[in-house]
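The structure appears right after this line, and notes come after that.
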Amino acid sequence: MSGVSWWLSDTVEMIRRNLIHIKRTPELLLDVTLSPIMFVLLFSLVFGGAIDVPRVDYTSFLMAGIFVQTIAFAGIYTSVLLANDLQKGMIDRFRSLPMSQSSVLTGRTFTDLLRALLAVAIMWAVGMAVGFRPTGGLLPSIAAIGLMLLFGFALSWIGVAAGSVVRAPEALQGVIFAVVFPLTFVSSAFVPTASMPDWLAWFADRQPMTLVIDAVRSLTLTGEPGPAAIPAILWSLGFLVVSLPLGVWLYNRRTTQ
Amino acid sequence: MTRAMIEAVGLHKSFGDTHALAGLDLDVAEGTILGVLGPNGAGKTTAVRVLTTLIRPDAGHATVAGIDVVRQPAEVRTRIGVAGQYAALDELLTGLENLLMVGRLYRLDSRVARQRAMALIERFELGDAANRPVKTYSGGMRRRLDLGAALIAEPPVIFLDEPTTGLDPKGRLSMWELIADLARSGTTLLMTTQYLEEADRLADDIAVIDHGRVIARGTASDLKRQVGGERLEITVDNPAFLGAARLVLEALGSGPSHVIEDERRVTVAVTAHDGVLTRAIRELDSAGVHVDDIGFRRPTLDEVFLSLTGRPAEETVGIES
Ligand SMILES: Nc1ncnc2c1ncn2[C@@H]1O[C@H](COP(=O)(O)OP(=O)(O)O)[C@@H](O)[C@H]1O
Ligand SMILES: [Mg+2]
């Protein structure tokens, strides 16, 4: 077998390991199941009546925001899972084996892609139950999901980089909250940016979460990619191109010390 | 001479100001066991981590099965099995799942991996626990499973870092049997330990290391000759007798005696067993020394260090959890 097929079979082995972990500790899925359900229900039921958005029903507007927020958290959460692994002895075993070493990381990020897909499926169903109408059609909806997963995958690699540096996984949780929460609120996730003060709207309109959210919203609701789609893809690819090699490098540095 | 399956020349490795390895030289001939004996902090784990490609040395050169560990780590990894000081197992996977995963990552065919995993589970008496997550295992079971993971690909070179530290006497004995089996199968093995008895029992050759350097090297009997074989130890019933007891023992032993006043104890190294005990009892009696306890015991690592370096092993030699 060639290098690529070894890498692939080792990655599958690592995904299998991660899935067994999930099976044995289902709590590992709470962040991509319970939390997004709560968000969908709380925002649509509590704020739905108070917030007016142009042209569409608030729940339909809201869903793109909740999708991307959940994907962003799930992506960055990779760092916690990796940091946990690094604290235990298993990585030493992997490093003494004639396996493809990068598959430890690709196994991690691909598993987290599966987690993100599960989250989207659950939110989609719950959203439909409370009034989400993806009127854009099937193909644009699939394209929207593809874009979200690409964005989440890129963030997973930022998670790999962060998880390789940090020694205390618990501390990471706090940092993730402190960074991702403000970014989702200062975006078009829950309200149109036009309702913000000018200076804040200026930032909100240009940050990557808004771009991804706007593209997903446009695709799912109108079927058109809209002006945000290209910048959203470029941001995601940009994150990936930088964070993938950086993550691999930081992981190697951490484990060969 | 048989070829060296493990060879290290002048290895250096520092962590900040700590010189964990300070010019370490080792060689292990094919099919033999080298016991690397040293107290906590001597550099044993660091040496194993360099030789198993986990960390790079700052200077020096090492080969395993003739392959350079720094330049061709991937090649080295196909030929080694490692059981580290702390078991490297996945806590959430079962014992069987751990072995299968490691087997497949060694590129064994799935069927072969399963056959070998089942055989190892049988041989290591893990049958009842094979389908339970490792987090439910005792320390001894973890160590055995970890050794199983090191053996599943039947690599020609095995590294064991303190394989019995922290085990109860029963666990230690069963681990010793497994290691002795390995030795008979012709595997080349490097094993670290803090226990002279363990090295004596299992290893063909012993390297004593201290501060990242080898300070003595030879067979167990060479080493015992150097440190003066067994100890004759007596406990007197009154500290007043210590002086007289000391004179008697020094006349019988092969070196200076060692007195521990608080415990009313005198120890001396002896080279031969024959008649020493009866002579000691007779002469102590005629010197009017009242003895509480008398007997032979093997030298401890501390005494080996005392004889070799003229000072005690610096860090406490204790059982880690
Ligand atoms: N990763 C590390 N960072 C800092 N110091 C270390 C590290 N690993 C080992 N040391 C130090 O190097 C010395 C040798 O350690 P080690 O090889 O673990 O000894 P042993 O296994 O014989 O107990 C000790 O002083 C230890 O504290
Ligand atoms: Mg050690």
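What percentages, rounded to whole numbers, describe P(r) for the range B:124-245 computed over all alpha carbon pairs with 5 Å bin width beginning at zero?
2, 9, 16, 17, 15, 13, 8, 7, 5, 3, 2, 1, 0
Over the alpha carbons of the range B:226-309, what is the largest minus smallest coordinate on each principal axis, giving the biggest first in Å?
Cα spread of the range B:226-309 along its principal axes, largest to smallest: 34, 29, 17 Å.
In µm²/s, what is D for the range B:169-235 at 20 °C and 1.002 mPa s, where D = kT/(6 pi eta Rh) by Stokes-Einstein and Rh is the Kirkwood radius from Cα pairs?
Rounded, D is 159 µm²/s.
Mind jotting down the distance between the C-alpha centroids of the range B:252-267 and the range B:206-235, whole Å?
Here the answer is 18 Å between Cα centres.
If you wrap a convex hull around the C-alpha atoms of the range B:4-224 and split its volume per residue, what is the figure in Å³?
Residue-normalised Cα hull volume stands at 115 Å³.
In what sequence, highest mean first, do A:81-90, A:26-35 appear when ranked by Cβ atoms within 10 angstrom?
A:81-90, A:26-35
Cut-off under 24 Å on the C-alpha distance; same-chain residues fewer than 8 positions from B:Lys224 excluded. Which lysines are left, in chain and number order?
B:Lys44
Per DSSP H run of n ≥ 4, the term is -39500 (n - 2.57); total these for the protein assembly as shown, divide by its residue number, and report the mean residue ellipticity at 222 nm rounded to 500 deg cm²/dmol.
That comes out to -17000 deg cm²/dmol.
Just to verify a number: FRET efficiency for B:Arg56 and B:Arg111, C-beta to C-beta distance, R0 = 30 Å, to 0.05?
FRET efficiency, B:Arg56 to B:Arg111: 0.25.
Please compute the modelled spin-label separation between B:Arg71 and B:Arg225, points set 7 Å along Cα→Cβ, answer in nm with one decimal.
Distance between the two pseudo-spin positions: 3.9 nm.
Under the rule of at least 5 residues apart or a separate chain, name every residue whose amide H is placed under 5 Å from the amide H of B:Gln85.
Distant-sequence amide H within range of B:Gln85: B:Asp161.
Using only the C-alpha atoms of the protein assembly as shown, find the volume of their convex hull and express it per residue in Å³.
200
Straight-line reach only, C-alpha to C-alpha below 26 angstrom: list the lysines that B:Lys135 could link to, leaving out same-chain residues fewer than 8 apart.
List returned: A:Lys23, A:Lys88, B:Lys170.
Which translational diffusion coefficient, to the nearest whole µm²/s, is obtained for the range B:60-153 from the Stokes-Einstein equation, given a Kirkwood hydrodynamic radius over C-alpha pairs, 25 °C and 0.890 mPa s?
In µm²/s, the coefficient rounds to 177.
Just rank B:Asp200, B:Asp58, fewest to most, by other beta-carbon atoms within 10 angstrom.
B:Asp58, B:Asp200
Report Rg (one decimal) and Dmax (nearest whole number) for the range A:69-125, counting Cα atoms only, units Å.
Rg then Dmax for the range A:69-125, in Å: 13.7, 44.
Could you pull out the trypsin sites (Lys or Arg not before Pro) across the range A:104-169 that fall in loop regions by DSSP (anything but H, G, I, E, B) with no more than 10 other Cβ atoms inside 10 Å?
Hits after loop and neighbour filter: A:Arg167.
Using modelled amide H (1.01 Å from N, peptide plane; none on Pro or chain starts), what sits under 5 Å from the amide H of B:Ile206, excluding residues fewer than 5 places away?
For B:Ile206, whose amide H was placed from the backbone, the distant partners under 5 Å are B:Gly35, B:Gly218, B:Thr219, B:Ala220.
For the range A:3-255, what does the equivalent ellipsoid look like in terms of its semi-axes, each the square root of 5 times an eigenvalue of the Cα gyration tensor, given largest first in whole Å?
Working from the Cα gyration tensor, I get semi-axes of 33, 18, 17 Å.
Output wanted: per-residue J couplings in Hz (rounded whole) for the range B:49-57, from phi through Karplus 6.51 cos²θ - 1.76 cosθ + 1.60, θ = phi - 60°, x for Gly and Pro.
5, 5, 5, 9, 6, 6, 9, 9, x
How far is it, in nm, from the label point at B:Asp237 to the one at B:Ala272 when both lie 7 Å from their Cα along the line to the Cβ?
According to this spin-label approximation, the distance is 3.2 nm.
Taken together, the values in this text are just the output of simple stated rules run on the coordinates, not laboratory data. Just so it is clear, the model here is predicted, and its values are computed rather than measured. All Cβ positions, glycine included, derive from the backbone under ideal geometry; neighbour counts span all protein chains shown.
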